[in-house]
Amino acid sequence: MRNYQYDSDFFQNWTNQLDHNTPVSMLSIPGTHDSAAYHPESLIQIVLERQQWTIYEQLNAGIRFLDLR
């Protein structure tokens with residue numbers, strides 16, 4: 001994992017802390033844009049690269065909405 005510190009137990013399981021009766025409309029769910037834009041293959045992709053973390057690292061950091069294109 002790269003350059004970030006976090007309590008992995010908390011962030012990996014943050015949804016367990018929610019009241020199960022909480023409506024989805026009341027949640028602010030952390031997500032990433034262009035979640036899978038990780039391994040650039042050309043210079044233009046390097047310039048436009050969106051993520052520094054792999055999908056696995058994003059999920060371990062608590063991300064729960066992935067924008068996969």
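The values are calculated or read from the model by the stated rules, or taken from the named source; none is laboratory data. Bear in mind the structure is a predicted one, so any value in this text is a computation, not a measurement. Don't worry about glycine lacking a Cβ; one is built from the backbone with ideal geometry, like all the others, and counts go over all protein chains shown.
Here are a few things to note about the model shown:
- Close pairs (8 angstrom Cβ cut-off, 6 or more residues apart or separate chains): without any contact (Cβ under 8 Å) to a residue 60 or more places away in the chain and more than 11 Å from Asp34 (Cβ to Cβ) in the range 50-69, of a type in the set (Val, Ile, Thr) and assigned to a loop (DSSP other than H, G, I, E, B) anywhere: Arg64/Ile29; Phe65/Ile29
- Residue within the range 10-18 that is at pLDDT 75 or above, within 9 Å of the chain's Cα centre (by Cα) and surrounded by fewer than 14 Cβ atoms within 10 Å (Cβ to Cβ) present: no
- Selection status of Phe65, modelled with pLDDT of 85 or more, surrounded by 10 or more Cβ atoms within 10 Å (Cβ to Cβ) and aromatic (Phe, Trp, Tyr): yes
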